[in-house]
Amino acid sequence: PLVFLSLAAMALATCFFAARTVPIPPFAQKKRTSFWLVLKSKDVFIPTVCLFASNFAFSAGFTYVPLYAISQNINSYSIFFVTFTVAVVAVRMGVQSINMRWSSEKSALFASFLNIFSMAILAVSANTFIFALAGILIGLGFGIIFPSMAGYVVAHTQPANRGTALSILIASGDVGFALGASVLGGVADFFGYRVLFMVSTFVVLACTYYY
């Protein structure tokens with residue numbers, strides 16, 4: 001039944017968007033900028049670095065919090081994922097209002113500091129309360145940062161180059177997620193989980209300073 005409902009929802013969504021979608025005329029080739037020039041633009045490259053760091057930290061939390069908890073004989077680590085999910089859903093419902101009030105740049109900066117604090121408290125201590133708080137913080141940060149960065153890139157990029165700019169931004173998040181899970185595994189193996197979260201903290205801090 002669940003599979004059937006999922007397929008039905010996808011079919012309904014597809015029909016809805018197909019009925020309401022308006023074709024967008026292609027831009028003339030001469031109006032487009034090359035991939036590398038779009039990437040080197042500060043209005044694309046800086047948000048790209050910021051989202052990379054955010055997903056690097058997000059990957060660290062999602063991949064290694066359970067292992068970290070088990071190593072500390074804590075079995076209630078699921079609270080991290082519960083609070084993360086609640087925080088993401090809650091903040092995504094109001095992220096447009098947040099960006100209108102603060103601007104995309106300030107919202108993304110705030111989200112980065114939330115991610116930094118989340119990783120920092122995991123590096124310092126491990127208990128059920130810390131896992132719950134870290135889940136809330138990184139959930140709020142994760143929920144805010146991508147819509148803020150995407151809005152910033154769209155607002156500061158020429159229409160003909162927005163597709164390229166957004167693809168770069170999204171790819172940077174994927175790369176950050178992949179590297180966080182893979183590189184930090186070696187850190188945890190040699191130095192432990194606390195150092196892993198310290199490294200995540202400094203990665204986000206450095207990218208936030210650059211931002």
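The values are calculated or read from the model by the stated rules, or taken from the named source; none is laboratory data. This is a predicted model, so every value here is computed, not measured. Virtual Cβ from ideal backbone geometry, glycine too; neighbours counted across all protein chains shown.
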Out of (1) in contact (Cβ under 8 Å) with a residue 60 or more places away in the chain; (2) over 20 Å from Tyr77 (Cβ atoms); (3) over 13 Å from the mean Cα position of the chain (by Cα), what's the single condition that is false for Phe197?
(2)
Counting only helices (runs of 4 or more DSSP H) entirely within segment 1-72, those with at least 1 residues that are closer than 17 Å to Ile168 by Cβ and at pLDDT 75 or above are 35-40, 42-71
